[in-house]
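Read the structure below first, then the notes.
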Amino acid sequence: MIETSVPSAISPGFSDYVAASQRVFRLALDCLSRPCRTMEIDRALPPPNAPLPPVTASLALTLLDQDTPVWLSPSWSRGADWLRFHRGCPIAAQPEKAAFILAASLTEMPPLILLNQGPDRYPDSSATVILGSTLPLDGQSPLRAQGPGIDGFIVFQCHGLNR
């Protein structure tokens with residue numbers, strides 16, 4: 001007999017993978033092209049009962065694959081089997097070996113200097129950090145951002161960004 005159901009220890013991913021991943025990818029592109037602006041994800045998209053927060057789980061299901069090593073912060077380590085099952089991605093033991101860093105908070109995020117910086121010719125191969133949304137937007141640490149995707153500059157306020 002061939003077992004076709006998802007094991008009870010692994011919660012499901014997207015109910016409609018193609019449609020949901022397309023919508024999440026579009027949102028991710030919008031976020032990347034409009035840095036330092038907050039956006040909300042459609043509440044119907046995140047997979048139910050995922051071992052990662054809804055937005056992080058949705059981004060992981062959309063962006064990760066079998067060729068994308070990912071490092072998980074300690075409080076999200078329970079998501080390793082879920083990610084391996086749904087995306088086949090390898091879990092990196094050291095952050096410098098990862099293409100994606102999934103960090104629950106700034107306190108669990110490795111120092112940026114340890115992350116894959118990518119070579120000068122291919123900076124797009126540097127690590128991508130997905131930081132959990134556990135920090136309140138409380139205005140304690142303003143960040144003045146300028147560069148591609150920003151007209152002039154933006155003051156973005158989020159507690160803890162002075163690390």
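Figures for the structure shown
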{"read-out": "Test: residue in region 126-141 that is modelled with pLDDT of 85 or more, closer than 20 Å to Leu64 by Cα and not in a strand (DSSP E or B)", "value": "yes"}
{"read-out": "Some residue of region 61-72 being in contact with a helix residue (DSSP H, G or I) (Cβ under 8 Å, 6 or more places away or on another chain), hydroxyl-bearing (Ser, Thr, Tyr) and at pLDDT 80 or above", "value": "yes"}
{"read-out": "One residue from Leu106, Leu115, Leu131 being without any contact (Cβ under 8 Å) to a residue 40 or more places away in the chain and open to solvent by 20 Å² or more (accessible area, probe 1.4 Å)", "value": "Leu131"}
{"read-out": "Count of residues meeting criterion [open to solvent by 70 Å² or more (accessible area, probe 1.4 Å), over 29 Å from Phe153 (Cα atoms) and either hydrophobic (A, V, I, L, M, F, W, C) or not in a loop (DSSP other than H, G, I, E, B) (or both)] in region 17-58", "value": "5"}
{"read-out": "Filter result (among the aromatic types (Phe, Trp, Tyr) and either within 22 Å of Ala80 (Cβ to Cβ) or in contact with a Cys (Cβ under 9 Å, 6 or more places away or on another chain) (or both)) within region 11-60", "value": "Phe14, Tyr17"}
{"read-out": "Neighbours by Cβ (under 8 Å, 6+ apart or cross-chain): first from region 67-87, within 16 Å of Phe14 (Cα to Cα); second at pLDDT 95 or above and acidic (Asp, Glu)", "value": "none"}
{"read-out": "Subset of region 59-73 that is assigned to a helix (DSSP H, G or I) and either more than 15 Å from the chain's Cα centre (by Cα) or of a type outside the set (Ser, Thr, Tyr) (or both) - its residue that is surrounded by the fewest Cβ atoms within 10 Å (Cβ to Cβ)", "value": "Leu63"}
{"read-out": "Test result for Ala93, within 27 Å of Asp42 (Cα to Cα), open to solvent by 20 Å² or more (accessible area, probe 1.4 Å), modelled with pLDDT of 90 or more and within 18 Å of the chain's Cα centre (by Cα)", "value": "no"}
{"read-out": "Unmet criterion (only one of (1) outside any loop (DSSP other than H, G, I, E, B); (2) surrounded by 15 or more Cβ atoms within 10 Å (Cβ to Cβ); (3) small (Gly, Ala, Ser)) for Ser77", "value": "(2)"}
{"read-out": "Given (1) closer than 15 Å to Ala103 by Cβ; (2) free of Cβ contacts under 8 Å to residues at least 24 places away in the same chain, index of the condition Pro46 fails", "value": "(1)"}
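The values are calculated or read from the model by the stated rules, or taken from the named source; none is laboratory data. These figures come from a predicted structure and were not determined experimentally. No Cβ is skipped: glycine too gets one built from the backbone with ideal geometry, and neighbour counts run over all protein chains shown. Side chains included, ligands, DNA and RNA excluded: accessible areas come from the protein's heavy atoms. Shrake-Rupley method; radii C 1.70, N 1.55, O 1.52, S 1.80 Å.
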